[in-house]
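What follows is a set of notes on a single structure, which appears directly below.
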Amino acid sequence: MNILFLCVGNSARSQIAEGLAKEMFPETFHVESAGSMPANSVHDGAIKCMQEIGIDISNQYPKKVEELDDVFIKNLDFVITLCAEEICPIIDKSAKRIQWPNPDPAINNITSRQQELLFRETRENIFRMLKKFFTNLN
């Protein structure tokens, strides 16, 4: 099973989804994330909120779809987009497309406490969607 999580910057939501899915799903699932305009690094808030639940995504990095393995892309089963307010990238493949709109937790001009809460809320929301997704596969 090949699953790609897409978002614009590939720095927060899609990275959280990738980290959670790799932890939750069987090893037979190949999970990646990418973005249409990748940021320079994974957002510190994403790394921190995942560390809180024992998942280390500090070695993940933002990337474009074109950087992913061709065999993986040609054999995608699902493309899951996580954008809410912006336009998520589109891949013209035969994979089933699913939209899980999540507001971007990386908001400027808020307190660090508010941002922590937003990242936790995003993580928990994505966790619930992944759990439901996996349950519906069986």
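The values are calculated or read from the model by the stated rules, or taken from the named source; none is laboratory data. Since the structure is predicted, the reported quantities are computational estimates derived from the model, not experimental observations. Don't worry about glycine lacking a Cβ; one is built from the backbone with ideal geometry, like all the others, and counts go over all protein chains shown.
Working only within the stretch 76-88, note down all residues that are touching a strand residue (DSSP E or B) at 6+ places or on another chain (Cβ under 9 Å) and modelled with pLDDT of 65 or more. Listed by number, the residues that qualify are L76, D77, F78, V79, I80, T81, L82, C83, C88.
Name the pairs whose Cβ atoms lie under 8 Å apart, with the first residue in the stretch 41-63 and in contact (Cβ under 8 Å) with a residue 60 or more places away in the chain, the second exposed (fewer than 13 other Cβ atoms within 10 Å of the Cβ) and not hydrophobic (A, V, I, L, M, F, W, C), and 6 or more positions between them or separate chains? Sorted first by the residue in the stretch 41-63, then by its partner, the pairs are M50/D56. Within the stretch 92-138, the set of residues being acidic (D, E) and without any contact (Cβ under 8 Å) to a residue 60 or more places away in the chain comprises D92, E121, E124.
Of the residues that sit in the stretch 35-48 and are crowded, with 21+ Cβ neighbours inside 10 Å and either modelled with pLDDT of 95 or more or more than 13 Å from the chain's Cα centre (by Cα) (or both), which one is nearest to F127 (Cα to Cα)? By that ranking, first place goes to A46.
Beta carbons closer than 6 Å, at least 6 apart along the sequence or on distinct chains, pair a first residue in the stretch 4-20 that is closer than 12 Å to I57 by Cα and in a helix (DSSP H, G or I) with a second that is charged (D, E, K, R) and at pLDDT 95 or above for I16/R123. Against the numbered list (1) on the phi > 0 side of the Ramachandran plot; (2) surrounded by 18 or more Cβ atoms within 10 Å (Cβ to Cβ), G54 comes up short only at (2).
Here's the yes/no breakdown for (1) part of a helix (DSSP H, G or I); (2) modelled with pLDDT of 95 or more; (3) within 16 Å of M50 (Cα to Cα):
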{"site": "S94", "(1), (2), (3)": "no, no, no"}
{"site": "I110", "(1), (2), (3)": "no, no, no"}
{"site": "F119", "(1), (2), (3)": "yes, yes, yes"}
{"site": "F133", "(1), (2), (3)": "yes, yes, no"}
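Any idea which of Q15, Q60 is touching a Gly at 6+ places or on another chain (Cβ under 8 Å) and modelled with pLDDT of 95 or more? One residue alone meets the criteria, Q60.
Kindly evaluate I80 against the criterion of being among the β-branched types (V, I, T), part of a strand (DSSP E or B) and touching a residue at least 60 places away in the same chain (Cβ under 8 Å). Break it down stepwise before answering.
Values: among the β-branched types (V, I, T): yes; part of a strand (DSSP E or B): yes; touching a residue at least 60 places away in the same chain (Cβ under 8 Å): yes.
So I80 fits the description; yes.
Do you know which residues across the stretch 55-71 are in a loop (DSSP other than H, G, I, E, B) and not acidic (D, E)? Matches in the stretch 55-71: I55, I57, S58, N59, Q60, Y61, P62, K63, L68.
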